[in-house]
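What follows is a single structure, written as structure tokens, with notes after it.
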Amino acid sequence: MARSFRYYEKKRGNRSTGSSKLGSAGEALFFAIFLLIGCGVLAVLFTTLVVPEWRVNHEFVEHTCVVLDKRIGESHSDEGTRYRPEIKIRYQIDGQTYVRWTYDISMSYSSGRSDKQAILSQFTVDEKNPKEYRCWYDPADPSVAVLVRGYTWWIWLVFIVPVSFIVISGGGFVYSVLHWGKSAERCAAMTRRDLFNTNNEPQRKFPNIPDCADITNSPGTRLKFRLPIASSPAWILFGVLMACLLWNGIVSVFVVFAVGGYLKGNPDWFLTLFIIPFVLVGIGLIAFFIRQLLVTTGIGPTLVEISDHPLYPRDRCRLFVTQSGQLMMNSIQVLLVCEEEATYRQGTNTRTETRDVYRQEILRREAFEVHRGLPFEAECELGIPAGAMHSFKADHNEINWKVVVKGDVAGWPDYKRSFPVIIQPANRLLGH
Amino acid sequence: MTDPVVTIRFDGSGRVYQPGETLSGEYRLASVHIGAVKAVEVSVLWYTEGKGDEDLAVHEFWRLDTEQGDWIDPTRPGRFSTILPRSPLSYDGLIMRLRWCVRVRAFLDRGKEVVGQKVFQLSNVPAVKVSAP
């Protein structure tokens, strides 16, 4: 049955219609065009900026000249007026007299009139008693001469643009050519070859299971390993602060305009109505930041230690949880959670969806106090279910296992802290 | 004339395999005359299905190519055999599924392709059940 075209929704996923070979050809052509443009621009910049400077420093011949006149050249554009020093010199080569306006080889304009004036003041114009200055002329074309030599560093910055074009489009072109007309399986097999030895030993042993090294590199005080927290509360706070400052900084500009209109007795109602939702989001961000600030600073660190790692289905191990701070806890809950995470493209957006597929309460304590210097401590047993799927990580899909500590503190916002664990597959044939 | 078809058969009867076990079998190209097959690719691979974009990884890959001097006789079955890896295991979750399969892709003359695929299960992780909220 034919499906109606959806105007209101972006196309979901990495799907295409038509010939894949034609698509690859179009992709290769696209990159090839940009590669050619990059190479062309690079060649032009090289011959017009680098080569002349190099020739001035290595091939131009030293000579003497007299200064006849001097002035500041001006170039007017939308960005304002730019200047360059211009000095009229006279010199003789093999009996022939040359007169020209010059200074350096690039004769480029730049902002700032005063520094050009300072350059001109170094040269004296005296028709009766002319002073001699050093100059350098081009032996291939003696009509070309300069008063200064040297290199300008900024011209190398100009190369960033064409070099970026070449690197990105060159990489894309090579990728397109390597995958030209090849099946998805053959491309995947080519990727698997590990040309740069990036797949480490655990990855080869258990493909697509995350490495345990980050989890087992910190010893615990009570049990064998201290589990790392998924995302540090301080980093979350920093992220929220940055988002808050950026959003409210931009919105505040419009608020100033709107308030200014009211103060002058000329209110802009359209602007006022337009910015109201943005201001509300900004207030929400501030509230969220204050909440995070309270959770980060008021609630002390949560530590989780584990007796064994990595874990396997049917495994039983010990878990030790501590919670510091000065808190009146309504409850603390420790959970073992398995979460599926799927990332997909929708048009130009990339979205991630998560879904809990397993949730087991390991520990729950209610109504107790945590005193400063005397943290809450509890040890419990963690059991991995027999049919548990192992941890999994691919480009767009993941299965993550984690120990989650949820706290309900009287008079404070609730908090939740996650500690990833790795579950490897049980295997009858391979000894687990 | 019937369209070309690829059929795949595993040795033994089961479709459930364990990590480290050998998966072997054969494939056949039907309704294809001799000389019409330019290349055949046999892959043992896993791929994901579900909410996320597809991930795909090849565990074992063989390619027979007449241009590389390989002899391809579509009247005779082709064999494959591989030791299965420790992970990832087949999985049937809520928003993602992970499937293992043997996929045979035959490249015929005039740019045609024919693909056959047979899914098998690596280990027996139970499917995730949707529990009531």
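The values are calculated or read from the model by the stated rules, or taken from the named source; none is laboratory data. A quick note: this is a predicted structure, and the numbers were derived from the prediction, not measured. Cβ sites come from the backbone with ideal geometry, for glycine too, and all protein chains shown count toward neighbours.
Being within 30 Å of residue A:379 (Cβ to Cβ) and hydrophobic (A, V, I, L, M, F, W, C) is the filter; apply it to the range A:335-358 and report the residue that is nearest to the other protein chains (Cβ to nearest Cβ).
Checking each candidate, the answer is A:357.
Condition test on residue A:383, is it in contact with a strand residue (DSSP E or B) (Cβ under 6 Å, 6 or more places away or on another chain) and under 26 Å from residue B:126 (Cβ atoms)?
Judged against the criteria, residue A:383 is a match.
Can you tell me which residue among A:56, A:61, A:99, A:125 is among the β-branched types (Val, Ile, Thr) and either closer than 30 Å to residue A:34 by Cα or in contact with a Pro (Cβ under 8 Å, 6 or more places away or on another chain) (or both)?
The match here is A:61.
Which condition does residue A:247 not pass, out of (1) loosely packed, with under 15 Cβ neighbours inside 10 Å; (2) more than 26 Å from residue B:87 (Cβ to Cβ), if it passes all the others?
That leaves (1) as the condition not met.
May I ask you to list pairs of residues, at least six apart or on different chains, whose Cβ atoms are under 6 Å apart, with the first in the range B:104-133 being part of a loop (DSSP other than H, G, I, E, B) and the second being modelled with pLDDT of 85 or more and of a type in the set (Phe, Trp, Tyr)?
B:125/B:91
Any idea how many residues of the range A:74-106 are part of a loop (DSSP other than H, G, I, E, B) and under 41 Å from the mean Cα position of the chain (by Cα)?
Selection size over the range A:74-106: 5.
Just the residues that are touching a Lys or Arg at 6+ places or on another chain (Cβ under 9 Å), more than 7 Å from every other protein chain (Cβ to nearest Cβ) and under 16 Å from residue B:47 (Cα atoms), please, taken from the range B:93-133.
Listed by number, the residues that qualify are B:101, B:102, B:104, B:115, B:116, B:117, B:118, B:119, B:120, B:121.
Can you find, within the range B:4-29, the residue that is surrounded by the fewest Cβ atoms within 10 Å (Cβ to Cβ) among those that are within 12 Å of chain A (Cβ to nearest Cβ) and in contact with a Ser or Thr (Cβ under 7 Å, 6 or more places away or on another chain)?
Ranking the candidates gives B:22 first.
Being of a type outside the set (Gly, Ala, Ser), without any contact (Cβ under 8 Å) to a residue 60 or more places away in the chain and not assigned by TED's automatic domain parsing to the domain that holds residue A:68, is that true of even one residue in the range A:89-102?
no
With respect to residue A:32, determine if the residue is at pLDDT 85 or above and not assigned by TED's automatic domain parsing to the domain that holds residue A:134.
Yes; evaluated as a whole, the condition is true for this residue.
Have a look at A:289, A:278 and point out the one that is of a type in the set (Phe, Trp, Tyr), under 22 Å from residue A:234 (Cα atoms) and in contact (Cβ under 8 Å) with a residue 24 or more places away in the chain.
After applying the criteria, what remains is A:289.
Go through (1) at pLDDT 85 or above; (2) of a type in the set (S, T, N, Q); (3) under 26 Å from the mean Cα position of the chain (by Cα) for residue A:221 and report which single condition fails.
With respect to (1) at pLDDT 85 or above; (2) of a type in the set (S, T, N, Q); (3) under 26 Å from the mean Cα position of the chain (by Cα), residue A:221 is out only on (3).
Of all residues in the range A:107-134, how many are in contact with a Gly (Cβ under 9 Å, 6 or more places away or on another chain) and in a loop (DSSP other than H, G, I, E, B)?
Number of matching residues: 3.
A quick yes/no check of all residues on (1) within 24 Å of residue A:43 (Cα to Cα); (2) modelled with pLDDT of 90 or more:
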residue	(1), (2)
A:91	no, yes
A:98	no, yes
A:104	yes, yes
A:119	no, yes
A:129	no, no
A:133	no, yes
A:151	yes, no
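So residue A:414 ticks every box in (1) modelled with pLDDT under 95; (2) at the interface with chain B (Cβ under 8 Å from one of its Cβ atoms) but one. Which box is left unticked?
Against the list (1) modelled with pLDDT under 95; (2) at the interface with chain B (Cβ under 8 Å from one of its Cβ atoms), residue A:414 comes up short only on (2).
Tally the residues that are β-branched (Val, Ile, Thr), more than 24 Å from residue A:208 (Cα to Cα) and part of a strand (DSSP E or B), restricting the search to the range B:25-57.
Selection size over the range B:25-57: 2.
Yes/no matrix, rows are residues, columns are (1) among the acidic types (Asp, Glu); (2) at the interface with another protein chain (Cβ under 7 Å from one of its Cβ atoms):
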residue	(1), (2)
B:39	no, no
B:51	no, yes
B:55	yes, yes
B:75	no, no
B:81	no, no
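Taking the criterion of being in contact with a strand residue (DSSP E or B) (Cβ under 9 Å, 6 or more places away or on another chain), over 21 Å from residue A:394 (Cβ atoms), modelled with pLDDT under 90 and more than 14 Å from chain A (Cβ to nearest Cβ), would at least one residue in the range B:59-68 satisfy it?
no
Could you tell me which of the residues A:378, A:388 is touching a residue at least 40 places away in the same chain (Cβ under 8 Å) and within 14 Å of chain B (Cβ to nearest Cβ)?
When all the criteria are applied, what remains is A:388.
Conditions tested, residue by residue: (1) modelled with pLDDT under 95; (2) buried (at least 20 other Cβ atoms within 10 Å of the Cβ); (3) under 14 Å from the mean Cα position of the chain (by Cα).
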| position | (1), (2), (3) |
| --- | --- |
| B:75 | yes, no, no |
| B:85 | yes, yes, no |
| B:100 | no, yes, yes |
| B:104 | no, yes, yes |
